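Novice: I have a structure I would like to understand better, so I am pasting it below and will then ask my questions one at a time.
The values are calculated or read from the model by the stated rules, or taken from the named source; none is laboratory data. Because the structure is predicted, anything quoted here is derived from the model rather than measured. Because the Cβ atoms are built from the backbone with ideal geometry, glycine has one as well, and the counts that use them run over all protein chains shown.
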Amino acid sequence: MKVVECVPNFSEGRRKEVIDAIADAIKSVESVRLLDIEFDPDHNRSVFTFIGEPQDVKIAALKAADVAVEKIDLTKHKGAHPRMGAVDVVPFIPLHGTTVGECIELSKEFADEFSKKHNVPVYLYSKAATRKDRVDLPNIREGEFEGLRDLIGTDPEKTPDYGPNKIHPTAGATATGSRNFLIAINFNLNTTNVAVAKACADAVRGTTGGFVNVQGIGLDLPAKNCVQVSLNLTHPRRTKIHQVFEVVKNEARRFGATVIETEIIGMVPLFALLDALKYYLQPEKLEESMILDLYYLGGAQDPTKKTFTEMSMIEFGNEVRRARATPGGGSVAAAMGSFGAGLVCMVAGLSLSGRKFAGIKDEMIEHRHACEYDRGLLMDLIEKDSAAFDVVMETFRMPDETAADKKTKAEATEKATIHAAEMPLATMKHSFNALEHAKFMAQNGNINTITDAGVASHALMAAIEGAALNVRINLGNIKNKSFVDKTAKEIEKILTEGRKLKEEILEIVETRMKELAEMK
């Protein structure tokens, strides 16, 4: 199952009826789980956290945005937190079985549908950004609603990625994209001097000499009679809560202040809390498998049990070697395809900086995002291929004592076998897509990564040929002649074009390897 998280921020933190209406819109999508709602009257902002299948999450985000555009008027909005839109930012975060690339595509779909329906300009940010200066949200939001109202449509630098080249009169502008999981955390200080909070933010913020993976501002909270250091930890595995907390405390101490309260906004991963607990308690050993509640709360499964895509390479290899039908050749083919696609993405990532790539940077990013999408689907097929074959095996165990039983069993087996053939066929298609991107990388990518493009072509073609074997063996057990004939033609077409493409890539690799040798 693919799981995506969405954490939209809306410019409303005071009117409970509006917050409830947004929540109801999200909850109206049955398969989506609304996990958390945070709102603050000083910030005048609310943050919702929900998860589900990618398309369902997008639908929930669109429904919530409909309510926000209808009920939030930025010409009447005042709050401590910077904002540019009623629907201020809508990030999509890959959680399970998905990649950043898939979430980038999801954010583009959201941007397209939302902007067309409401005439709101939309900017792509973070991993989905089309320009370097739009990676960080503060750069896009600079000037906020009031400033952008005059700039959008007059300053070419503020032309949105989607929607009209003018701000919406009441809903402003919106940012959306894909990002990694972040932790939003606030530290409240026992002073009313906002300069102290700003000094603390400067001490930890990456752009002012602090931690690379920290964004932050100092805010006044008159309702609480204090000031706040409001932070985003954009890579909490690298920059940990306790590291930032200790720096804020030390900086505040210079001004005779201290942290009196900590606020975590939205959801927080268990590893981040364990990191802080390890730092302050210094236990000899503390792991997730030692947390008792994970074994029974909410019917949770054993936290030590992993899906194939969650396993280490050694663990997955051990699963493959077991005397069981799954995971088998189909899953291994999908894994090879995902590794090959990953290499293509790596070459693209190492071919984005420097003047020599400036002319093709946008095209390079498009190929990288598209290949990341295929990589995510191939990762998902590692699980789906095994699951599909398990269903076929289950149909073999169905009763067949009566004529009716035999008919039901035969129909179930036919349906399951067709589905089992479709999985490796999908592996072939997405591996071929990645192979096309690999050719562009071989031709245009960083010459120092040319062998990586070559290895990608070998891995992707191996995935195609391996998956083809699994499709063909299933076709031999399918009675639907139309499906068999159509699929057999698809197999041959992909194999023929894939082999030709692989040879073209390897020729390019050999030529550029010679060029590299001559340069040395």
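Novice: When you scan the range 299-314, do you find a residue that is in a helix (DSSP H, G or I), at pLDDT below 85 and at positive phi, even just one?
Specialist: Just the residues of the range 299-314 that are in a helix (DSSP H, G or I), to begin with: 299, 308-310, 313-314.
This time we only want the ones that are at pLDDT below 85, so: 299, 308-310, 313-314.
Keeping just the survivors that are at positive phi gives 299.
Taking every residue of the range 299-314 in turn, at least one turns out to be in a helix (DSSP H, G or I), at pLDDT below 85 and at positive phi.
Novice: Given the structure, is Asp88 in a helix (DSSP H, G or I) and acidic (Asp, Glu)?
Specialist: no
Novice: Can you find even one residue in the range 62-80 that is farther than 30 Å from Met379 by Cβ, among the hydroxyl-bearing types (Ser, Thr, Tyr) and modelled with pLDDT of 95 or more? Give the derivation first.
Specialist: Applying the first criterion (farther than 30 Å from Met379 by Cβ) to the range 62-80 yields 66-80.
If we keep only those that are among the hydroxyl-bearing types (Ser, Thr, Tyr) too, we end up with 75.
Cutting the leftovers down to modelled with pLDDT of 95 or more gives us 75.
Yes, the range 62-80 has at least one match.
To keep it simple, each residue is scored yes or no on (1) surrounded by fewer than 16 Cβ atoms within 10 Å (Cβ to Cβ); (2) closer than 30 Å to Tyr125 by Cβ.
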site: Ala358; (1), (2): yes, yes
site: His369; (1), (2): no, yes
site: Glu383; (1), (2): no, no
site: Asp390; (1), (2): yes, no
site: Pro399; (1), (2): yes, no
site: Thr408; (1), (2): yes, no
site: Ser431; (1), (2): no, no
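Novice: Would you be able to say whether some residue in the range 14-31 is part of a strand (DSSP E or B), aliphatic (A, V, I, L, M) and either within 21 Å of Leu106 (Cβ to Cβ) or assigned by TED's automatic domain parsing to the domain that holds Phe110 (or both)?
Specialist: Among the residues of the range 14-31, not one is part of a strand (DSSP E or B), aliphatic (A, V, I, L, M) and either within 21 Å of Leu106 (Cβ to Cβ) or assigned by TED's automatic domain parsing to the domain that holds Phe110 (or both), which makes the answer no.
Novice: For the range 172-209: of the residues being surrounded by fewer than 24 Cβ atoms within 10 Å (Cβ to Cβ) and touching an Asp or Glu at 6+ places or on another chain (Cβ under 7 Å), which is nearest to Glu109 (Cα to Cα)?
Specialist: Asn186
Novice: Still on this model: If Ile473 meets every condition in (1) in a helix (DSSP H, G or I); (2) touching a residue at least 12 places away in the same chain (Cβ under 8 Å); (3) not acidic (Asp, Glu) apart from one, which number is that one?
Specialist: The one condition Ile473 does not meet is (2).
Novice: Still on this model: Going residue by residue through the range 199-216, is there one that turns out to be in a loop (DSSP other than H, G, I, E, B), aromatic (Phe, Trp, Tyr), closer than 28 Å to Leu277 by Cβ and not assigned by TED's automatic domain parsing to the domain that holds Thr98?
Specialist: Just the residues of the range 199-216 that are in a loop (DSSP other than H, G, I, E, B), to begin with: 205, 209-213.
From what is left, the residues that are aromatic (Phe, Trp, Tyr) are 211.
Add one more test, that the residue is closer than 28 Å to Leu277 by Cβ, and what stays is 211.
In the following step, the residues that additionally are not assigned by TED's automatic domain parsing to the domain that holds Thr98 were identified as 211.
Checking the range 199-216: at least one residue is in a loop (DSSP other than H, G, I, E, B), aromatic (Phe, Trp, Tyr), closer than 28 Å to Leu277 by Cβ and not assigned by TED's automatic domain parsing to the domain that holds Thr98.
Novice: Also, I was wondering about something else. Please determine, by comparing only the residues of the range 97-153 that are among the acidic types (Asp, Glu) and closer than 14 Å to Asn180 by Cα, which one is farthest from the chain's Cα centre (by Cα).
Specialist: Checking each candidate, the answer is Asp136.
Novice: Scan the range 441-461 and report the pairs whose first residue is assigned to a helix (DSSP H, G or I) and whose second residue is buried (at least 21 other Cβ atoms within 10 Å of the Cβ) and among the hydroxyl-bearing types (Ser, Thr, Tyr), with Cβ atoms within less than 6 Å and a gap of 6+ or a chain change.
Specialist: From residues that are assigned to a helix (DSSP H, G or I), the pairs are Leu460/Ser431.
Novice: Write out, first by first residue and then by second, each pair whose Cβ atoms fall under 7 Å of each other, whose residues are 6+ apart or on separate chains, and whose first residue, in the range 13-27, is small (Gly, Ala, Ser) while the second is surrounded by 13 or more Cβ atoms within 10 Å (Cβ to Cβ) and part of a loop (DSSP other than H, G, I, E, B).
Specialist: Between residues of the range 13-27 that are small (Gly, Ala, Ser) and residues that are surrounded by 13 or more Cβ atoms within 10 Å (Cβ to Cβ) and part of a loop (DSSP other than H, G, I, E, B), the close pairs are Gly13/Pro41; Gly13/His43; Gly13/Asn44; Gly13/Gly79.
Novice: Something else now. Can you pull out the residues in the range 505-520 that are more than 14 Å from Thr451 (Cα to Cα) and not in a loop (DSSP other than H, G, I, E, B)?
Specialist: Matches in the range 505-520: Glu518, Met519.
Novice: Turning to a different aspect of this structure: With respect to Val244, determine if the residue is assigned to a helix (DSSP H, G or I), under 27 Å from the mean Cα position of the chain (by Cα) and among the β-branched types (Val, Ile, Thr).
Specialist: Taking the combined requirement at face value, the residue satisfies it.
Novice: Just the residues that are crowded, with 21+ Cβ neighbours inside 10 Å and under 14 Å from the mean Cα position of the chain (by Cα), please, taken from the range 55-72.
Specialist: Residues satisfying the conditions are Val57, Lys58.
Novice: Would it be correct to say that Ala468 is modelled with pLDDT of 95 or more, touching a Pro at 6+ places or on another chain (Cβ under 8 Å) and closer than 27 Å to Cys345 by Cα? Explain how you work it out, then say what you get.
Specialist: Values: modelled with pLDDT of 95 or more: yes; touching a Pro at 6+ places or on another chain (Cβ under 8 Å): yes; closer than 27 Å to Cys345 by Cα: yes.
Spelling it out, Ala468 is indeed modelled with pLDDT of 95 or more, touching a Pro at 6+ places or on another chain (Cβ under 8 Å) and closer than 27 Å to Cys345 by Cα.
Residue by residue, here is whether (1) under 21 Å from the mean Cα position of the chain (by Cα); (2) charged (D, E, K, R) holds:
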position: Ala348; (1), (2): yes, no
position: Leu381; (1), (2): yes, no
position: Phe389; (1), (2): no, no
position: Lys415; (1), (2): no, yes
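Novice: Could you count how many residues in the range 112-171 are of a type in the set (Lys, Arg), over 28 Å from Cys371 (Cα atoms) and surrounded by fewer than 22 Cβ atoms within 10 Å (Cβ to Cβ)?
Specialist: Count: 4.
Novice: Here's something else I'd like to know. Of the residues that make up the range 35-49, is at least one at positive phi and not in a helix (DSSP H, G or I)?
Specialist: yes
Novice: May I pose another question? Which pairs have Cβ atoms under 6 Å, sit 6 or more apart or on different chains, and link a residue in the range 238-260 that is more than 24 Å from Thr192 (Cα to Cα) to one that is in a loop (DSSP other than H, G, I, E, B)?
Specialist: That search, which allows pairs on different chains as well, returns Arg238/Asn213; Thr239/Phe211; Thr239/Asn213.
Novice: Still on this structure, please answer the following. Kindly indicate the residue of the range 1-43 that is among the β-branched types (Val, Ile, Thr) and in contact with a helix residue (DSSP H, G or I) (Cβ under 8 Å, 6 or more places away or on another chain) and also nearest to Thr262 (Cα to Cα) among those meeting that condition.
Specialist: Among them, the one singled out is Ile37.
Novice: Those residues that are of a type outside the set (S, T, N, Q) and either modelled with pLDDT under 95 or crowded, with 20+ Cβ neighbours inside 10 Å (or both), I need them from the range 437-451; list them, please.
Specialist: Within the range 437-451, His437, Ala438, Phe440, Met441, Ala442, Gly445, Ile447, Ile450 qualify.
Novice: If you check Leu501, Leu516, Leu506, Leu495, which single one turns out to be under 28 Å from Val347 (Cβ atoms) and surrounded by fewer than 16 Cβ atoms within 10 Å (Cβ to Cβ)?
Specialist: Leu516
Novice: Give the residue that is modelled with the lowest pLDDT, with candidates limited to residues of the range 110-136 that are under 14 Å from Thr174 (Cα atoms) and acidic (Asp, Glu).
Specialist: Asp136
Novice: Where residues in the range 83-96 are within 14 Å of the chain's Cα centre (by Cα) and of a type outside the set (A, V, I, L, M), which of them is nearest to Thr170 (Cα to Cα)?
Specialist: Going through the qualifying residues, I end up with Pro91.
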